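The values are calculated or read from the model by the stated rules, or taken from the named source; none is laboratory data. None of these values were measured; they are calculated from a predicted model. So basically every Cβ, Gly included, is an ideal-geometry build from the backbone, and we count neighbours across all protein chains shown. Quick note on the areas: whole protein, heavy atoms, side chains included, nothing else; ligands and nucleic acids left out. Shrake-Rupley method; radii C 1.70, N 1.55, O 1.52, S 1.80 Å.
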Amino acid sequence: DVKVTQSSRYLVKRTGEKVFLECVQDMDHENMFWYRQDPGLGLRLIYFSYDVKMKEKGDIPEGYSVSREKKERFSLILESASTNQTSMYLCASSLASNTGELFFGEGSRLTVL
Amino acid sequence: AQSVSQHNHHVILSEAASLELGCNYSYGGTVNLFWYVQYPGQHLQLLLKYFSGDPLVKGIKGFEAEFIKSKFSFNLRKPSVQWSDTAEYFCAVNHYGGATNKLIFGTGTLLAVQP
C-alpha cells in the first residue's frame, strides 16, 4: 500500500527556532510536495521537487526552504520560525507523469509560540 | 491566474439527505479535475478524478461528480449521506499536460452529517 510518512505529527517551537519537517515516501515517486493547510485558505503549495536535488518554488515559499538528497525523502526547513507559520503542513508525492493525483501524509501540526 | 472556487464552506446535513458540493474553476484549457477528502484525523485522500471521457465520474463510497465544461464546474454529489461522510472536501484542478506540476486546490467544504 502507498505510504507517505511525516516524521512529526505535532510540534511546538519558539519564535526564531529552526524547524525541520521530514517526509518519506515508499512508492518510488519522482515528485514530492510540501503544502500548508489553513482553515478557509485550503492547501497552498510551498515547494515542489521533481527529482533529487531539484526544487521549485510554489505559491508561498517565503520563510521556507527544502532539501531533497534522496529520492524518497523531502524535508521542509523553517530557518527562523515565526508565529505566522503556525499551521498544518502536508507532504505529498506523485509520479512524474504529473496527472495531479497526489498521495498525502497525515500532516504535521506546527505551533510556533 | 487559475483558481478554484468552492462556494459552500460549511454544510450540515442529516443522514439520508442528498449532497451536492459546488466547485468552479477558472482556466480556459484542458484540465484534470479531482475531489479529495479528509476524514477527521486522517490524511487527505483521493475521492474521485476526471481526466477525459464520460463527464460523470464515480468515486469511492457512492460519490460521483459531473464535469460540465460550459459551466467550468465539477460538482460533487451523493444521493444519501451517512454520518461517516463527515469530513472536509477539497476540489482541485490540474492543468492537463502542463509542466508546472501545479495542482490548484479550493478552500474546502466542511461537511457535518448529523445522525
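Of the residues B:ALA87, B:ALA65, B:ALA17, which exhibits the maximal mean-square fluctuation in a Gaussian network model of chain B defined by a 10 Å Cα contact cut-off?
Maximum fluctuation in the GNM of chain B, among the listed residues, is at B:ALA17.
Let me spell out the model: positive unit charges on the Cβ of Lys and Arg, negative unit charges on the Cβ of Asp and Glu, origin at the Cα centre of chain B. What dipole size does that give, in debye rounded to 20?
Details: 8 positive and 7 negative charges, 55 e Å.
Roughly 260 debye, rounded to the nearest 20.
Take the Cα pairs of the range A:48-110, get the Kirkwood Rh, then feed it into Stokes-Einstein at 4 °C and 1.567 mPa s and tell me D in µm²/s. Intermediate values should be presented prior to the final figure.
Working: Rh = 12.9 Å.
The diffusion coefficient I find is 100 µm²/s.
Write out the trypsin sites (Lys or Arg not before Pro) in the range A:1-56 meeting two conditions: DSSP loop, and at most 13 other Cβ atoms within 10 Å of their Cβ.
Details: sites: A:LYS3, A:ARG9, A:LYS13, A:ARG14, A:LYS18, A:ARG36, A:ARG44, A:LYS53, A:LYS55; in loops: A:LYS3, A:ARG9, A:ARG14, A:LYS18, A:LYS53.
Sites meeting the loop and neighbour criteria: A:LYS3, A:ARG9, A:ARG14, A:LYS18, A:LYS53.
Per-residue Cβ counts within 10 Å, from other chains only, averaged over A:102-113: what number is that?
Numbers: counts 9, 4, 7, 2, 5, 5, 0, 0, 0, 0, 0, 0.
Rounded to a whole number, the mean comes out at 3.
Can you tell which of A:LEU76, A:LEU11, A:LEU45 shows the greatest fluctuation in a Gaussian network model of chain A with Cα springs below 10 Å?
Most flexible of the set in this elastic network: A:LEU11.
Please report the relative contact order for the range B:1-103, taking Cα pairs under 8 Å with a sequence separation of at least 6, and give it as a percent rounded to a whole number. Intermediate results must be reported in sequence, preceding the final value.
Numbers: 199 pairs, mean separation 34.7, N = 103.
The normalised contact order for the range B:1-103 reaches 34 percent.
Determine the share of the range B:3-114's accessible area contributed by carbon and sulfur atoms, expressed in whole percent, with a 1.4 angstrom probe. Provide the component values of the computation, followed by the final result.
Values: 2800 of 5130 Å².
Carbon and sulfur: 55 percent of the exposed surface of the range B:3-114.
Under a cut-off of 30 Å between alpha-carbon atoms, report the lysines in cross-link reach of B:LYS61, not counting same-chain residues fewer than 8 places apart.
Here the lysines satisfying the reach criterion relative to B:LYS61 are A:LYS3, B:LYS49, B:LYS69, B:LYS71, B:LYS78, B:LYS102.
For the range B:1-68, how big is the tail of P(r) above 16 Å, as a whole percent of Cα pairs? Kindly include the intermediate steps, with their values, before the conclusion.
Numbers: 1319 of 2278 pairs.
Tail of P(r) above 16 Å: 58 percent of Cα pairs.
Mean projection of the alpha-carbon convex hull of chain A over all orientations, in nm²? Mind showing how you got there, number by number?
Working: hull surface 26.3 nm².
Mean shadow area of the hull around the Cα atoms is 6.6 nm².
Once you wrap a convex hull around the alpha carbon atoms of chain B, what is its projected area averaged over all directions, in nm²?
Values: hull surface 28.1 nm².
If you wrap the Cα atoms of chain B in a convex hull and average its projections, you get 7.0 nm².
Using DSSP to define loop residues, name the GluC sites (Glu not before Pro) in the range A:5-113 whose beta-carbon has at most 10 other beta-carbon atoms within 10 Å. Walk me through the numbers on the way to the answer.
Details: sites: A:GLU17, A:GLU22, A:GLU30, A:GLU56, A:GLU62, A:GLU69, A:GLU72, A:GLU79, A:GLU101, A:GLU106; in loops: A:GLU17, A:GLU30, A:GLU62, A:GLU72, A:GLU79, A:GLU101, A:GLU106.
Those satisfying the criteria are A:GLU62.
For A:GLY107, enumerate residues with amide H under 5 Å from its amide H, sequence gap 5+ or separate chain, H modeled in the peptide plane.
Answer set, sorted by chain and number: A:GLN6, A:CYS91.
Between the range A:44-85 and the range A:1-43, what's the alpha-carbon centroid distance in Å?
Taking the Cα centre of each part, the range A:44-85 and the range A:1-43 sit 9 Å apart.
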